[in-house]
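Asker: Take a look at the following structure, please.
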Amino acid sequence: MSDFRAFCSPAEQEPRVIQLDAAESHHLVAVNRARAGATVVVFNGNGTEWICELIKDSKKAAELSVRFSQTASPLPHQISLAQALPKGNTFESIVRKATEIGAHEVIPLQSERTQVHLDASRSDKKQEKWNTAALEGAKQCGNPWLPTIQPLQKVAGFFEHPGEYDLKLIASLHPGAKPLKGVLAESTAQLGRPPRRVLWAIGPEGDFTPSEMSIAQSAGFQPITLGPLVLRCETAAVYALSVLSYELSAS
């Protein structure tokens with residue numbers, strides 16, 4: 001696989017030449033130091049990749065000649081991560097790691113214990129940063145699929161109307177939480193196949209409140225234990241996605 005990757009959504013379905021925008025041109029030429037003649041994989045985030053040769057190594061408008069294209073098959077399962085906002089820039093790291101693991105969607109949540117509160121302007125700026133983090137993760141790991149980063153939502157409203165999933169899980173420190181493997185086995189037995197669309201909800205520092213957990217369970221979320229240790233929320237997100245992805249891929 002080429003060391004150079006760039007993002008672009010060409011207007012043509014089968015382009016012969018691709019011109020990158022200023023940001024992608026700068027990253028490819030100035031940051032990664034790609035030079036004319038280098039092989040570059042351009043991807044559109046929807047599974048299509050173009051294997052190209054860099055023919056104009058401009059830092060503002062790089063151009064690439066397409067050699068051939070290829071389309072990657074999507075994963076047989078879709079995992080959505082509903083993550084309560086942590087402090088600082090941690091959410092950007094979570095988005096980046098979720099992309100590397102292959103998450104289909106990331107949903108930022110405003111919970112009762114969330115210490116970060118965003119107005120409309122700050123939320124838009126954060127959304128841009130989260131999309132950039134997903135793009136960075138996709139470039140780093142070679143993932144041709146970009147996850148959808150949803151707008152910030154309040155926990156109660158999201159838990160009451162989360163959408164259609166085969167299985168809804170919520171990481172929990174509360175008594176009665178079950179091991180993941182057993183819940184997946186029960187779901188597979190009920191569906192007659194492994195679950196294909198799964199939602200993982202991960203709380204903020206201090207976990208979801210008892211009232212939020214109650215709303216989630218009333219909406220069909222199953223409390224899952226992540227083990228005997230109390231994990232930081234970013235560790236919990238990566239752990240939960242990794243274990244679930246492994247189990248679904250092995251089933």
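The values are calculated or read from the model by the stated rules, or taken from the named source; none is laboratory data. Just so we're clear, the structure is a prediction, and the values are computed from it rather than from any experiment. FYI the Cβ positions are ideal-geometry reconstructions off the backbone, even for glycines, and counts take in every protein chain you see.
Asker: For region 47-66, check the following and say yes or no: at least one residue is of a type in the set (A, V, I, L, M), under 14 Å from the mean Cα position of the chain (by Cα) and at negative phi.
Answerer: No, region 47-66 has no match at all.
Asker: Okay, moving on. Tell me the helices (runs of 4 or more DSSP H) entirely within region 154-235 that contain at least 1 residues that are of a type in the set (S, T, N, Q).
Answerer: Working: elements: 155-160, 180-191, 210-218.
It comes to 180-191, 210-218.
Asker: For Val66, only one of the following conditions fails: (1) closer than 23 Å to Glu136 by Cβ; (2) touching a residue at least 24 places away in the same chain (Cβ under 8 Å); (3) not in a loop (DSSP other than H, G, I, E, B). What is its number?
Answerer: Unmet condition: (1).
Yes or no, residue by residue, for (1) within 20 Å of Val155 (Cα to Cα); (2) free of Cβ contacts under 8 Å to residues at least 24 places away in the same chain; (3) in the same structural domain as His26 (by TED's automatic domain parsing):
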site	(1), (2), (3)
Asn46	no, no, yes
Trp50	no, no, yes
Glu92	yes, no, no
Thr99	no, no, no
Leu109	yes, no, no
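Asker: Scanning for something farther than 20 Å from Ser245 by Cβ and not in a loop (DSSP other than H, G, I, E, B), does region 92-102 turn up at least one residue? Talk me through it step by step, then tell me what you get.
Answerer: Let us first name the residues in region 92-102 that are farther than 20 Å from Ser245 by Cβ, namely 92.
Adding the requirement that they be not in a loop (DSSP other than H, G, I, E, B) leaves 92.
Yes: one or more hits.
Asker: Do you know which residues across region 22-59 are under 14 Å from Leu135 (Cα atoms) and in a loop (DSSP other than H, G, I, E, B)?
Answerer: Asn44, Gly45, Gly47
Asker: Starting from residues that are touching a Cys at 6+ places or on another chain (Cβ under 7 Å) and of a type in the set (A, V, I, L, M, F, W, C), keep the ones in region 22-49 and report whichever is farthest from Ala11 (Cα to Cα).
Answerer: Among residues in region 22-49 that are touching a Cys at 6+ places or on another chain (Cβ under 7 Å) and of a type in the set (A, V, I, L, M, F, W, C), the one farthest from Ala11 (Cα to Cα) is Val40.
Asker: Ok, one more. Taking the condition out of contact with any helix residue (DSSP H, G or I) (no Cβ under 9 Å at 6 or more places or on another chain) and either in contact (Cβ under 8 Å) with a residue 12 or more places away in the chain or in the same structural domain as Leu135 (by TED's automatic domain parsing) (or both), does Thr39 pass?
Answerer: On the way: out of contact with any helix residue (DSSP H, G or I) (no Cβ under 9 Å at 6 or more places or on another chain): yes; either in contact (Cβ under 8 Å) with a residue 12 or more places away in the chain or in the same structural domain as Leu135 (by TED's automatic domain parsing) (or both): yes.
Against the criterion (out of contact with any helix residue (DSSP H, G or I) (no Cβ under 9 Å at 6 or more places or on another chain) and either in contact (Cβ under 8 Å) with a residue 12 or more places away in the chain or in the same structural domain as Leu135 (by TED's automatic domain parsing) (or both)), Thr39 qualifies.
Asker: Turning to a different aspect of this structure: Suppose we filter Ser211, Ser187, Ser172 for residues that are of a type in the set (Ser, Thr, Tyr), at pLDDT below 95 and surrounded by 15 or more Cβ atoms within 10 Å (Cβ to Cβ); which single one remains? Spell out the reasoning first.
Answerer: Working: Ser211 fails: surrounded by 15 or more Cβ atoms within 10 Å (Cβ to Cβ); Ser187 fails: at pLDDT below 95.
Among Ser211, Ser187, Ser172, only Ser172 is of a type in the set (Ser, Thr, Tyr), at pLDDT below 95 and surrounded by 15 or more Cβ atoms within 10 Å (Cβ to Cβ).
Asker: Of all residues in region 180-220, which are among the hydroxyl-bearing types (Ser, Thr, Tyr) and either under 25 Å from Gln150 (Cα atoms) or under 22 Å from the mean Cα position of the chain (by Cα) (or both)? Please lay out each step first, then the result.
Answerer: Quick first cut of region 180-220, residues among the hydroxyl-bearing types (Ser, Thr, Tyr) only: 187-188, 209, 211, 214, 218.
Within region 180-220, Thr209, Ser211, Ser214, Ser218 meet the criteria.
Asker: Please go through region 62-74 and pick out each residue that is surrounded by 14 or more Cβ atoms within 10 Å (Cβ to Cβ) and at pLDDT 95 or above. Lay out the reasoning, then the answer.
Answerer: Narrowing region 62-74 to residues surrounded by 14 or more Cβ atoms within 10 Å (Cβ to Cβ): 62-66, 69, 72.
Of everything in region 62-74, those that are surrounded by 14 or more Cβ atoms within 10 Å (Cβ to Cβ) and at pLDDT 95 or above turn out to be Ala62, Glu63, Leu64, Ser65, Val66, Ser69.
Asker: Considering each of Gly203, Gly176, Gly220 in turn, give the residue that is touching a residue at least 24 places away in the same chain (Cβ under 8 Å), touching a Lys or Arg at 6+ places or on another chain (Cβ under 8 Å) and at positive phi.
Answerer: Details: Gly203 fails: at positive phi; Gly176 fails: touching a Lys or Arg at 6+ places or on another chain (Cβ under 8 Å).
Of Gly203, Gly176, Gly220, the one residue that is touching a residue at least 24 places away in the same chain (Cβ under 8 Å), touching a Lys or Arg at 6+ places or on another chain (Cβ under 8 Å) and at positive phi is Gly220.
Asker: Given (1) β-branched (Val, Ile, Thr); (2) at pLDDT below 95; (3) assigned by TED's automatic domain parsing to the domain that holds Glu53, identify the lone condition not met by Val116.
Answerer: (3)
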